[in-house]
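One structure, pasted below without further comment.
Where a number appears in this text, it was derived from the coordinates with a stated rule and is not lab data. What you are looking at is a predicted structure, and each value in this text was computed from that prediction instead of being measured. Please note: Cβ atoms are built from the backbone with ideal geometry, for glycine as well, and neighbour counts cover all protein chains shown.
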Amino acid sequence: MSGLLIERPLPHGGRLVERVIEDKRVARKIWKSCNAVYEIKPTLHYETGVPVRNVYREIMSICYGFFSPVEGSMKQAEVERVLKERRLLNEWIFPYPLVFDISKDDLNKLGVEVGDRLGLTLKGKPFAILDIEEIYEIDPEELAYKTFGDPETNPEVVQQKFDKKHPGWVIYRSHQPYVLAGKYTIINPPKFKPPFDRFWFPPRKSREEFEKRGWRTVINHQTRNVPHVGHEFLMKCAAFTGDVEPCPGILVNAVIGVKRRGDYPDEAIVEAHEAVNKYGYIKPERHLVSIVLWDMRYGNPLESLLHGIIRQNMGCTHHMFGRDHAAVGEYYDKFATQILWTKGIPSFGFPAPPTDVPYGLKIRPQNMREFSYCPTCKEMAYSETCGHKREKLSGSFLRGMVAEGVQPPSIIMRPEVYRVVVKWWKQFGYPFCNEKYVINKEKELEVDLEDL
Amino acid sequence: MAYFMVVLLDDNRMGKLRGTGLEEHIKYMFGGELRLLEVEVTEELKDKILAEFETARVDSRGAITDVPVAFMRELFNQVVEKKSLGPEVVEGVLAKINEIKEMAAKESEYLPPPDIE
Ligand SMILES: [Zn+2]
């Protein structure tokens, strides 16, 4: 093979983690061996009580291999290493602590100890098991600060001390103080509800799908938004990267999890992206929409690292990163993600980019700026290419237009995408996520479970 | 500074605008694909809007933005009713301020979807 051709990378850590038991007979036997059973609860905001996370999403993403090589709830030494060097105990890089946290009351009620097997139910049905290897206490506030960094320790990219206005910080701050560490195994795979079911491509399946489609190289587009034409052009043009030919595959991977008020509903996001290929703006042979379960931590460069891991595990060769990637507020430098992938961030354990350190990533970053309409070029133009004054489109302008019930022109939002937005607007009585949607979503979740 | 508010126009609104004589004032963005009207707002009316709606703000061009959706919908209705882009349009909106505030309070729960399909 020519040295110019890029090969599909192995999963992060060298092999895909798969901890899902499909055989019900085996599963029932395992379930019977549990020492105690615990119903998974949403993590509630430490002050307001609004749901901010559900650990079931982490269990799903771990057991289906999105977070390979992570296999479970992290032990204390591993959490400490992740916070200090962003590495797991097996050396592979990883950005965030992931733990199964419970309250002191629940711990006492369960009466479990190291060596026990805890059965986890979800919506009242058997879901997974946790083989307990360690039980320890955490200080949620300290965990929250250490997870995201601070201006003194991480002066390269952190501009502002984290606080309760940051939704990721709130997630860690709202953790319960006891951690049960150990491997998870799903023993009753949940069934995704429509429309999510047709977008579920966990790493083994997405890799098979890429093979089937002959996608030698695949570039990922991270999303938690309904696509406007600017996004569509990012996808189209970023795909011209690749090796001797543009990437034949564009993977849209939507992060599905707890929503913030004002986001578009997840149902609208996935179907709106699907509309981009269904109506030929990018032909379906070249474009695939998929999901991953994760309650976004908005850790900008750290989040981009997790995104790189997820998409490498899914089999992508390239990953688009934009300015302010997965950011909220001004806690991080706008270009923190670009800095990570071009130079590294030494204080986070990266003296070089994550692709150039031992036990690092193989996926190739493609740092992108933005597209907007140029009345002189008469086209959607790239900010770093077009030398004219362009008509920039802010997200809030577009949202205002949608809220007012005015259909955006097709150079801003494709009519088929808008129709999807309106379809779910009619369903929920609101074009964006309001409090009712957020609370209901966390109660109903994206999945249902059958009896075991 | 001259103040104004932007009224966005889609096909549906264009239909309602026909015959008002306002078509010649339509401005275009995005290669002619986005049509809009600018409604004049006096200093006094601007102050009143800012005082009545806490989210409202004035951008660098003098455009008043971030008012409730109910306000923006009524703004268009008044343009059609008054067949004008003058200050009497915003006056007409503010005359219904109680009704708008009542609807605005419900806006975080419900927004009427557009009538398509
Ligand atoms: Zn240009």
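Quick check on my link table: of A:Lys123/A:Lys436; A:Lys212/A:Lys392; A:Lys84/A:Lys164; A:Lys191/A:Lys362; A:Lys29/A:Lys84, which ones sit more than 30 Å apart, alpha carbon to alpha carbon? Walk me through the intermediate numbers first.
Working: A:Lys123/A:Lys436 19 Å; A:Lys212/A:Lys392 39 Å; A:Lys84/A:Lys164 22 Å; A:Lys191/A:Lys362 32 Å; A:Lys29/A:Lys84 40 Å.
Violating the 30 Å limit, Cα to Cα: A:Lys212/A:Lys392; A:Lys191/A:Lys362; A:Lys29/A:Lys84.
Dividing the Cα radius of gyration by the Kirkwood radius, what Rg/Rh value follows for the protein assembly as shown?
On the way: Rg = 25.5 Å, Rh = 25.6 Å.
Over the Cα atoms of the protein assembly as shown, Rg/Rh equals 1.00.
Between their Cα atoms, which of A:Lys161/A:Lys343; A:Lys125/A:Lys193; A:Lys24/A:Lys193; A:Lys104/A:Lys259 are more than 18 Å away from each other? Could you put the intermediate results ahead of the total?
Values: A:Lys161/A:Lys343 23 Å; A:Lys125/A:Lys193 16 Å; A:Lys24/A:Lys193 21 Å; A:Lys104/A:Lys259 28 Å.
Violating the 18 Å Cα-Cα cut-off are A:Lys161/A:Lys343; A:Lys24/A:Lys193; A:Lys104/A:Lys259.
Contact order normalised by length for the stretch A:39-165, with contacts defined as Cα pairs under 8 Å and 6 or more residues apart; what percent is it? Working shown, then result.
Working: 129 pairs, mean separation 20.8, N = 127.
Dividing the mean separation by the residue count of the stretch A:39-165 yields 16 percent.
Next question. State the answer as a single residue: which of A:Pro301, A:Phe397, A:Pro284 lies farthest towards the positive end of the charge dipole of the stretch A:196-444, with beta carbon charges of +1 for Lys and Arg and -1 for Asp and Glu, about the Cα centre.
Going by the charge dipole, the pick is A:Pro284.
Using a simple charge model, +1 on the beta-carbon of Lys and Arg, -1 on the beta-carbon of Asp and Glu, nothing else, what dipole does the stretch A:196-444 show about its Cα centre, in debye to the nearest 20? Present the calculation step by step, with values, prior to reporting the outcome.
On the way: 35 positive and 28 negative charges, 42 e Å.
Rounded to the nearest 20 debye, it is 200 debye.
Among A:Ile256, A:Thr153, A:His166, whose Cα projects farthest towards the positive end of the dipole of the stretch A:111-259, with charges put on the beta-carbon of Lys, Arg (+1) and Asp, Glu (-1)?
Result: A:Ile256.
Please identify every one of the GluC sites (Glu not before Pro) in the stretch B:1-40 that sits in a loop by DSSP and has no more than 13 other beta carbons within 10 Å of its own beta carbon.
Numbers: sites: B:Glu23, B:Glu24, B:Glu33, B:Glu38, B:Glu40; in loops: B:Glu33.
Passing sites in the stretch B:1-40 are B:Glu33.
Going by how many other Cβ atoms sit within 10 Å of their own, how do A:His12, A:His325, A:His287, A:His388 line up, fewest first? If you can, show how the numbers build up before the last one.
On the way: A:His12 30, A:His325 26, A:His287 23, A:His388 10.
Ascending number of Cβ neighbours within 10 Å: A:His388, A:His287, A:His325, A:His12.
Normalised by the number of residues in the stretch B:49-108, what is the relative contact order in percent for Cα pairs under 8 Å and 6+ residues apart?
Relative contact order, the stretch B:49-108: 26 percent.
Note down the magnitude of the dipole of the protein assembly as shown about its Cα centre, charges +1 on Lys and Arg C-beta and -1 on Asp and Glu C-beta and zero elsewhere, to the nearest 20 debye.
On the way: 79 positive and 84 negative charges, 303 e Å.
Its charge dipole is roughly 1460 debye.
Now for a separate question. Taking loop as defined by DSSP and a crowding limit of 15 other beta carbons within 10 Å, which chymotrypsin sites (Phe, Trp or Tyr not before Pro) in the stretch B:12-117 fit? Mind showing how you got there, number by number?
On the way: sites: B:Tyr28, B:Phe30, B:Phe53, B:Phe71, B:Phe76, B:Tyr110; in loops: B:Phe30, B:Phe53, B:Tyr110.
When the chymotrypsin sites (Phe, Trp or Tyr not before Pro) of the stretch B:12-117 are filtered for loop state and at most 15 Cβ neighbours within 10 Å, B:Tyr110 remain.
In whole Hz, what ³J(HN,Hα) sequence does the stretch A:404-412 give by Karplus (6.51, -1.76, 1.60; θ = phi - 60°), x for Gly and Pro?
Whole-Hz 3J(HN,Hα) from phi for the stretch A:404-412: 6, x, 9, 6, x, x, 5, 7, 9.
Take A:Phe428, A:Phe66 and order them by how many other Cβ atoms sit within 10 Å, fewest up front.
Values: A:Phe428 20, A:Phe66 27.
Fewest to most other Cβ atoms nearby, the residues stand as A:Phe428, A:Phe66.
Another question, then. Taking the Cα centre of the stretch B:52-117 as the origin, how large is its charge dipole in debye, to the nearest 20, when only Lys and Arg (+1) and Asp and Glu (-1) carry charge on their Cβ atoms? Intermediate results must be reported in sequence, preceding the final value.
Details: 8 positive and 14 negative charges, 49 e Å.
Around 240 debye, computed over the stretch B:52-117.
If you don't mind, another one. Residue by residue through A:404-416, how many Cβ atoms from other chains fall within 10 Å of the Cβ on average? Don't jump to the answer; show the numbers that get you there.
On the way: counts 13, 14, 13, 7, 5, 10, 2, 6, 4, 0, 0, 1, 0.
Taking all residues of A:404-416 together, the mean is 6.
Give me the mean projected area, in nm² to one decimal, of the convex hull enclosing the Cα positions of the stretch B:3-107. Let's see the in-between values first.
Numbers: hull surface 26.8 nm².
Approximately 6.7 nm², given one-decimal rounding.
Projecting each Cα onto the charge dipole of the protein assembly as shown (Lys/Arg +1, Asp/Glu -1 at the beta carbon, about the Cα centre), which of A:Tyr332, B:Ile64, A:Thr342 comes out farthest on the positive side?
Result: A:Thr342, furthest along the dipole toward the positive end.
Among DSSP beta bridges whose residues both lie in chain A, state the antiparallel percentage, nearest 5. Walk me through the numbers on the way to the answer.
On the way: 33 of 57 bridges.
Antiparallel bridges: around 60 percent, rounded to the nearest 5.
If each DSSP helix of 4+ residues adds -39,500 (n - 2.57) and the sum is divided by the residues in chain A, what number results at 222 nm, nearest 500 deg cm²/dmol? Kindly include the intermediate steps, with their values, before the conclusion.
Working: 14 runs with 140 residues, N = 452.
Per the formula, -9000 deg cm²/dmol.
State the Cα centre-to-centre distance between the stretch B:1-28 and the stretch A:307-325 in whole Å.
Spelled out, the Cα-based centre of one part sits 43 Å from the other.
Same structure, new question: Could you list the trypsin sites (Lys or Arg not before Pro) in the stretch A:1-108 that lie in coil according to DSSP, counting only those with at most 10 other Cβ atoms within 10 Å of their Cβ? Show your work: numbers first, answer last.
On the way: sites: A:Arg15, A:Arg19, A:Lys24, A:Arg25, A:Arg28, A:Lys29, A:Lys32, A:Arg53, A:Arg57, A:Lys75, A:Arg81, A:Lys84, A:Arg86, A:Arg87, A:Lys104; in loops: A:Arg15, A:Arg19, A:Lys75, A:Arg86.
Here no trypsin sites (Lys or Arg not before Pro) fit, given the DSSP loop and packing criteria.
Now, a different point. Report, in cubic angstrom per residue, the convex hull volume of the C-alpha atoms of the stretch A:196-444.
Output value, Cα hull per residue: 142 Å³.
I've got another one for you. For the stretch A:53-58, take each phi angle, set θ = phi - 60°, evaluate the Karplus expression 6.51 cos²θ - 1.76 cosθ + 1.60, and give the result in whole Hz per residue in order, putting x for glycine and proline.
Result, ordered by residue: 6, 9, 5, 4, 5, 5 Hz.
Any idea what angle helix A:435-444 forms with the longest principal axis of chain A, computed on alpha-carbon atoms, 0 to 90 degrees, nearest 10?
50 degrees
Could I ask something else about it? Determine the shape class of the stretch A:150-305: with a ≥ b ≥ c the square roots of the Cα gyration tensor eigenvalues, call it rounded for a/c under 1.5, and otherwise prolate if a/b is greater than b/c, oblate otherwise. Let's see the in-between values first.
Numbers: a/c = 1.79, a/b = 1.43, b/c = 1.25.
Prolate, since a/c reaches 1.5 and a/b exceeds b/c.
Cα centroids of the stretch A:1-37 and the stretch A:184-252: how far apart, whole angstrom?
19 Å
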